[in-house]
Amino acid sequence: MYKEIFKYIKKYNNIVIARHIGVDPDAMASQIALRDSIKLTFPEKKVLAVGNGSTKFSYIGKLDKYEDMENALLILVDIPDKKRIDGVDISKFDFVIKIDHHPFVEDFGGLEYIVDTASSACEILMDIILNTKLECNKEIAETLYYGLISDSNRFLFSNCSPKTFSLVSTYLDMYKFDIAELYKKMYARPLNEVRFEGYIAENMIITDNGVGYIDVTDDIINKYKVDSAAPGNMINNFNFINEVLVWATITEDVKAGLIRISIRSRGPVINTVAEKFNGGGHKMASGARVETFEEAHLLINELDKAALEYIKENKLEESYDN
């Protein structure tokens, strides 16, 4: 498969790299790293990494403005389904390559490379670059590390395997980047965000079955002077709470005219629930988009049912008997 991917990259002079809506560090880092690797290998090619960005992730790099190109290859990273593609029309391209670590949802009609055991899209790209003639340098290696660390939550998640650590070790040995300096860029944040995180912790509602959630209205967003992506970006900060099996932030996004829901789990499968509400993702990390808080609460009810089933199957009744 590595050779097939490289063959198509070598064939096309015009290449667009896109990912899912609602940018996160792994999605953005994987498309920027792949763009820069292709351009380093083939300086004559026109390669664009496109989609809506976020100032919060400016440390990763800059995205490009999309433009139509004839005879172009589309590479989609970190996305399993067509409805969540950000910024491009898949039908306008000559050929499509999908590189993803989510469980399979649908075929995009081209070359599909899915490794759903990988920690991140960036981990898959680390492997592809090592096994093809695609070139890399210290900056590209750092970008890949940003994405892998974000999606694995600094190796805390079970999606990390011996291969994950082996790849990171290889890249550290080859490119000598400074992990401490990278972490400073990733995790430094203003005081208002710290206070906002405290607000979430103080006001999170916990159901009898261990589902924690909070409604974040536009008024709260404005009060703490954060953006609508902030609650979702903080979701991993609430891991390992004894009384919580599943947790979600429900955030009003006035500009987009929708409600964003970020969900995490320590047991119950949540992606099948998210898929019912215009979303999806991994079994333990998913998201959804709905139109109203009422619809979001229907999702919470479904998560609560999933949590109850998990509690019964694993005989955890005493732990979550409030």
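Structure above, values below:
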item	result
Candidates 97, 5, filtered to the one that is in a strand (DSSP E or B), touching a helix residue (DSSP H, G or I) at 6+ places or on another chain (Cβ under 9 Å), in contact (Cβ under 8 Å) with a residue 40 or more places away in the chain and not aromatic (Phe, Trp, Tyr)	97
Qualifying residue in segment 208-217 (condition: out of contact with any strand residue (DSSP E or B) (no Cβ under 8 Å at 6 or more places or on another chain) and farther than 24 Å from residue 23 by Cβ)	yes
Criterion violated by residue 66 - all others in (1) of a type in the set (Ser, Thr, Tyr); (2) closer than 25 Å to residue 227 by Cβ; (3) not in a loop (DSSP other than H, G, I, E, B) satisfied	(3)
Every pair of residues 6+ apart whose Cβ atoms lie under 6 Å, when the first sits in segment 244-255 and is assigned by TED's automatic domain parsing to the domain that holds residue 297 while the second is surrounded by fewer than 24 Cβ atoms within 10 Å (Cβ to Cβ) and part of a loop (DSSP other than H, G, I, E, B)	245/266; 245/267; 251/228; 252/217; 253/228
Selection from segment 173-182 of residues that are under 16 Å from residue 150 (Cβ atoms) and surrounded by 14 or more Cβ atoms within 10 Å (Cβ to Cβ)	177, 182
Selected residue (criterion: farthest from residue 236 (Cα to Cα)) from residues of segment 154-172 that are surrounded by 16 or more Cβ atoms within 10 Å (Cβ to Cβ) and not hydroxyl-bearing (Ser, Thr, Tyr)	167
Residue 169 being out of contact with any Lys or Arg (no Cβ under 8 Å at 6 or more places or on another chain), over 21 Å from residue 47 (Cα atoms), among the polar types (S, T, N, Q) and not in a loop (DSSP other than H, G, I, E, B)	yes
Some residue of segment 140-153 being at pLDDT 95 or above, under 20 Å from residue 58 (Cβ atoms), buried (at least 18 other Cβ atoms within 10 Å of the Cβ) and in the same structural domain as residue 284 (by TED's automatic domain parsing)	no
Any hit, segment 42-57, residues being farther than 23 Å from residue 126 by Cα, among the small types (Gly, Ala, Ser) and surrounded by fewer than 24 Cβ atoms within 10 Å (Cβ to Cβ)	yes
Residues being in contact with a Ser or Thr (Cβ under 7 Å, 6 or more places away or on another chain) and part of a loop (DSSP other than H, G, I, E, B) - total across segment 257-272	1
Answer from 236, 209 - the residue that is part of a loop (DSSP other than H, G, I, E, B) and surrounded by 12 or more Cβ atoms within 10 Å (Cβ to Cβ)	209
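Residue-wise test of (1) touching a residue at least 24 places away in the same chain (Cβ under 8 Å); (2) closer than 24 Å to residue 261 by Cβ; (3) among the hydroxyl-bearing types (Ser, Thr, Tyr); (4) outside the structural domain of residue 251 (by TED's automatic domain parsing).
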residue	(1), (2), (3), (4)
28	yes, yes, no, yes
38	yes, no, no, yes
42	yes, no, no, yes
58	no, no, yes, yes
63	yes, no, no, yes
71	yes, no, no, yes
84	yes, yes, no, yes
109	no, no, no, yes
127	yes, no, no, yes
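The values are calculated or read from the model by the stated rules, or taken from the named source; none is laboratory data. Quick caveat: nothing in here was measured; it's all calculated off a predicted structure. Heads up, the Cβs are rebuilt from the backbone with ideal geometry, glycines too, and the neighbour counts pull from every protein chain shown.
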